[in-house]
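S.K.: Sharing a structure, written as structure tokens. Questions coming.
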């Protein structure tokens, strides 16, 4: 059994209390080539440092890129990142359950991910839930809502992967794929992005560094 993760007090934090990062910090994370020093300088504007909340508010930067930048242990603890990954997966689980309401394996895998993140189960128990989830995900992958399967798998994988930050960003992307796969409309993807950013803000204000 893993030791229980100690959470920070559930109190709202202001931007002045949060960790801030420089252009050089962002470059050290290895962003894609379009975010070179000149582009980042333009994004930062007159500010030498940005907090996670500042980055969250950069509407000219695509939502996926903002999530990539924020969902890392610079800004959030390991437990919060893994729980965020599970939240993203669960939010689109309805697409799977609408067609297969009797199949509880995706929801069980997501719940196992949460329990592992909180230190309530060990890796063997999580792996058992993952193995069960892999079977339904493979069968479901040929369907239109493939993203829903991928999202739930991302949550289960994210709870034990080496990088919780990578898991959180991956689950968010997979969840948006589920919304797109189910509705095939830009509005659906935009709505999912809005929810993900809102949920990320909640974690930052409650548990941000």
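The values are calculated or read from the model by the stated rules, or taken from the named source; none is laboratory data. What you are looking at is a predicted structure, and each value in this text was computed from that prediction instead of being measured. Glycine gets a Cβ as well: all are built from the backbone with ideal geometry, and neighbour counts include every protein chain shown.
S.K.: For the range 31-41, indicate whether the set of residues that are under 18 Å from residue 209 (Cα atoms), over 17 Å from the mean Cα position of the chain (by Cα), surrounded by 14 or more Cβ atoms within 10 Å (Cβ to Cβ) and modelled with pLDDT of 95 or more is non-empty.
M.R.: no
S.K.: For residue 101, only one of the following conditions fails: (1) surrounded by fewer than 16 Cβ atoms within 10 Å (Cβ to Cβ); (2) within 21 Å of residue 192 (Cα to Cα). What is its number?
M.R.: Every listed condition holds for residue 101 apart from (2).
S.K.: Further, regarding this structure: What number goes with the only condition from (1) touching a helix residue (DSSP H, G or I) at 6+ places or on another chain (Cβ under 6 Å); (2) modelled with pLDDT of 85 or more that residue 118 does not pass?
M.R.: Every listed condition holds for residue 118 apart from (1).
S.K.: Go through the residues of the range 54-65 one by one and say whether even a single one is touching a residue at least 60 places away in the same chain (Cβ under 8 Å), under 25 Å from residue 82 (Cβ atoms) and touching a strand residue (DSSP E or B) at 6+ places or on another chain (Cβ under 8 Å).
M.R.: no
S.K.: For the range 67-88, state whether one or more residues are within 19 Å of residue 20 (Cβ to Cβ), within 12 Å of the chain's Cα centre (by Cα) and free of Cβ contacts under 8 Å to residues at least 60 places away in the same chain.
M.R.: yes
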